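K.L.:
Next up is a structure, given as structure tokens.
None of the figures in this text is laboratory data; all of them are computed from the coordinates on show. Since the model is a prediction, treat every value here as computed from it, not as a measurement. Glycine also receives a Cβ, built like all others from the backbone with ideal geometry; neighbour counts cover every protein chain displayed.
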Amino acid sequence: MLAAGLSGLGLYLVFNQQNERERLEASERDRLITQSKVIEQNLSRQLVAIDLAITSIVGNLPYWAGLPDGQKQAVRQLKSLEDSMPSVRTFLVLNAQGDVILSNRDELMQRNFSQREYFQAPLRSLNPRVLFVSPPFKSVLNTYLFNLTHVVLDVQGKFAGVVSVGVDPVDIEILLNSVRYADDMRSMLVHGDGKVFVVEPPTPELLGKDLSAADSFFSQHLANKHTVSTFKGTAYSSGDERLPALRTIQPAALQMDKPLVIAVSRHLPTLFSHLQKDAINQFLGYLMLVLLSGIATWWYQMGRTRQRLSAQRLKLATEAAGVGIWEFDLKTKRYHWDASMFELFGLDPNKVNLNNDDWLQLTLPGELERIKNATRVAIDQNQPFDLTFKILRPDGEVRYMRNRAALFGESQANSSRMIGTTEDVTERKMKEADLRIAAIAFNCQEGMVVTDASMNILRVNRAFSDLFGYSSEEAIGQTPRVLQSGRHDQAFYQVMWADIIGKGVWQGEVWNRRKNGEVFPEWLTITAVYDSAGAVTHYVATHIDITLRKAAEDEIRHLAFYDPLTHLPNRRLLRDRLQHAMAQAKRDGTQLGLMFVDLDKFKPVNDQHGHAVGDQLLQAVAHRLSTCVRESDTVARVGGDEFVVLLSMITGALDAVLVAEKVHSVLQQVFILPDGAHVNISSSAGIAIYPEHGTTEAELTLCADAAMYQAKAAGRDRFVVFDGTSLQSAEANLT
């Protein structure tokens, strides 16, 4: 009975092994079909979402075209779509010539992609309802991409370009990898023409391979026109024995020109390897059966757990493409990372410790405590975990990392794992800091204006409003011409714009007008802002009020050329005006007169009344002398009580004599000074005529001085026109 039982058991085991092989094969077929369905559902949702996004963009193109800043709004919308659709790498709007006119990536603007198949296929079809699926092509980053495209027609139904979306392979790689429940399992996404787009696990020799051969599983699947097909045998792609399931992805909601095909397969020798039992196992009998039952139960439970974990990973991956995925076992305190996590933190997966918590040592002071507190709150209150912290990578770079996670377990009250994602947000943090710095700089003490390329004001700061009196609402939409004072001619602005166009910047002194009509001087700097193509997009101008500086410069200039007591021109300015008047008289053939006036009895006034009264007297003399001449003439003070009168453009000595008589008369009149003092003085004056008495400044000055000395020698209180006797008297006085 034992032998019969053992024989029967042996026969049973042999028979059962064959049945188990068939059952396992059928089970694997169903499982592969199920996994392909998971991929198909996820990709179909993504395709529909992308198609809706493309349709939305096509519908918004006329609206954007009608806005003054339509391009700016369009780019902002495309970048917003990029943030909300992690499976998309690029959004492109190409015109009828294949030039990129809109994109979420600035580096692609104005580039021409007319030779790409995603442009040519819509151009040939002109069917706006069709979603064109391009064959995979290798990008400049040596990765395969494929584009989804809709044609754009104008109001006459003519070809106006395309809207195309580049699908990110990273998101699909995560999706394909998430359904792999065994190491020998392979997942592929194949274009309808037969070219392999993505393979998991990564297999470089299969990427881009053409599977359209007639004897391939791919061609047989398309030929039978079934949604899903299973096969068994030698795979055309890799040449090994496999059990594949192929499923066509072509959602009913979409009209795709080419389908996508998902291929998931198991390696047959590996699949059946566990059925190769040693003959000794036949003698284990019931004990072995019990043990196998326990192992089978454990394996089943692990399979279910892996399925739930895969679903959770897939959900997180579709929400945050291109980020690291991690798990934290709440019982063993061990971290499980994917490859992206090690790249983010700059760690070698072969050198981390058993718990894989080396990354905690990379956190900057204070960050680890924040992480622990946030983790504790998430676990105790069963809340989602979301925290941004800083680390110092082994390569010395300080990076900002954002962790998002959720608890996972058999029930809400019995969570055993935390599953999450990590994203490097350093660039975003830096941009936020740059924006804050730019905002502070814009609101500095200098008036600032930002215009577009057409000089329409887009923005002004508070200092500008304080300087010019225009509020932000009043200034925006205007042009800087509203500030022009009218003091500068067209030539001035032509030179200004020549510098801006040629050098990108201009700065200088201009006169502008405030809102209340007040004209004032300012220092203006205008800088051009260029895009990546070298075209001007904006102009930024800074305005600095230099009224006080100009006043100071005028004061310095006044002190250099004018007498500080009488405010008459000093000797320096007189010499300059005399040279100019002589040059003009020589050029025009006219005459000029030079009169030296010296006050008589001035010293006794100082001695009797004091220097303060003497200063008041000099100021009064300056005023009376100024009333005796024309605006074109000059009255200067060249010494203590010495004055000079320059008479330009006279017809002869008689004109000078008439002025001298008037000067002699007004200075004889009593002076009633501000302090009440009554003072009587007289004057002695000498007159020289150009060119009669001298043709140079020195000659004319010597002659006028000699005539004045002759007047003093004759008893003072008179004026003398130069003659030879005057010169001899002056020379005698000098010796």
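K.L.:
For the residue pair Ser471 and Gln120, what label-to-label distance in nm results when each label sits 7 Å from Cα along the Cα-to-beta-carbon direction?
P.N.:
6.0 nm
K.L.:
May I ask for the net charge around Asp257, where only other residues with Cβ less than 13 Å from the Cβ of Asp257 are counted and Lys, Arg are +1 while Asp, Glu are -1?
P.N.:
Net charge around Asp257: 0.
K.L.:
Among the lysines, select those whose C-alpha is under 20 Å from the C-alpha of Lys712, and discard any that sit fewer than 8 residues away in the same chain.
P.N.:
Here the lysines satisfying the reach criterion relative to Lys712 are Lys601, Lys603, Lys662.
K.L.:
Between Glu22 and Ser212, what is the FRET efficiency for a Förster distance of 35 Å, r being their Cβ-Cβ separation, to the nearest 0.05?
P.N.:
Step by step, r from the Cβ atoms, then E = 0.65.
K.L.:
Return, ordered by residue number, the residues of segment 127-156 whose backbone nitrogen is under 19 Å from a label point located 7 Å along Cα→Cβ of Thr55.
P.N.:
127-134, 148-154
K.L.:
Here's another thing I want to ask about it. Longest exposed-loop-site-free stretch of the chain, with GluC sites (Glu not before Pro), DSSP loop and at most 11 other Cβ within 10 Å?
P.N.:
Segment 411-630 is the longest.
K.L.:
In debye to the nearest 20, how big a dipole does segment 450-550 give about its Cα centre with +1 on each Lys and Arg Cβ and -1 on each Asp and Glu Cβ?
P.N.:
The calculated dipole for segment 450-550 is roughly 180 debye.
K.L.:
What spacing in nm lies between the two simple spin-label points modelled at Thr525 and Lys331, each 7 Å away from Cα in the Cβ direction?
P.N.:
According to this spin-label approximation, the distance is 6.7 nm.
K.L.:
From the cross-link list Lys331/Lys390; Lys390/Lys431; Lys72/Lys138; Lys209/Lys258, which pairs have alpha carbons spaced over 22 Å apart?
P.N.:
Pairs exceeding the cut-off: Lys331/Lys390; Lys72/Lys138.
K.L.:
Here is a further query. Ratio of segment 303-430's C-alpha Rg to 2.2 N^0.38 Å, to two decimals?
P.N.:
1.03
K.L.:
Then there is this: Once R0 is set to 41 Å, what does the formula 1/(1 + (r/R0)^6) return for the Cβ-Cβ distance between Ser632 and Val536, expressed as a FRET efficiency to the nearest 0.05?
P.N.:
0.25
K.L.:
How large is the charge dipole for the chain, taken about the Cα centre, if only the Cβ atoms of Lys, Arg (+1) and Asp, Glu (-1) carry charge, to the nearest 20 debye?
P.N.:
With Lys and Arg at +1 and Asp and Glu at -1, about 2900 debye.
K.L.:
Give the calculated FRET efficiency between Phe492 and Asp106 to the nearest 0.05, with a Förster radius of 51 Å applied to their Cβ-Cβ distance.
P.N.:
E(calc), rounded to 0.05, equals 0.90.
K.L.:
Let me ask something else. Hydropathy at least -0.5 by Kyte-Doolittle, axial extent at least 30 angstrom from the Cα trace: which helices of the chain, defined as entire DSSP H runs, fit?
P.N.:
Span-like helices, by this rule, are 2-65, 285-319.
K.L.:
Still on this structure: Put a dot 7 Å past each Cα toward the Cβ at Ser416 and Gln255; how far apart are the dots in nm?
P.N.:
So the label points at Gln255 and Ser416 sit 5.1 nm apart.
K.L.:
Given bins 5 angstrom wide, list per bin the percent of all Cα-Cα distances in segment 26-165, short to long.
P.N.:
2, 9, 18, 21, 19, 13, 7, 4, 3, 2, 1, 0, 0
K.L.:
Also, I was wondering about something else. Write out the trypsin sites (Lys or Arg not before Pro) in segment 585-630 meeting two conditions: DSSP loop, and at most 11 other Cβ atoms within 10 Å of their Cβ.
P.N.:
The qualifying sites are Arg630.
K.L.:
Determine the sum of side-chain charges near Trp506: Lys and Arg each +1, Asp and Glu each -1, restricted to other residues whose C-beta is under 14 angstrom from that of Trp506.
P.N.:
-2
K.L.:
To continue, here is another question. When every alpha-carbon pair in the chain is counted, what percent end up more than 33 Å apart?
P.N.:
So the pairs more than 33 Å apart make up 72 percent of the total in the chain.
K.L.:
Can you give me the orientation-averaged projected area of the convex hull built on the Cα atoms of segment 562-734, in nm²?
P.N.:
It is 9.4 nm².
K.L.:
Right, another one. Putting +1 on Lys and Arg Cβ atoms and -1 on Asp and Glu Cβ atoms, find which of Ala612, Tyr690, Ala656 reaches farthest to the positive end of the dipole of segment 562-734.
P.N.:
Ala612
K.L.:
Also, I was wondering about something else. Does a label point 7 Å from the Cα of Ala612, set along Cα-to-beta-carbon, have any residues of segment 651-687 with amide nitrogen under 18 Å, and which are they?
P.N.:
Taking a point 7 Å out along Cα→Cβ of Ala612, the residues of segment 651-687 whose backbone N falls under 18 Å are 672-679.
K.L.:
Of all DSSP beta bridges located in the chain, what percent are antiparallel, nearest 5?
P.N.:
95 percent
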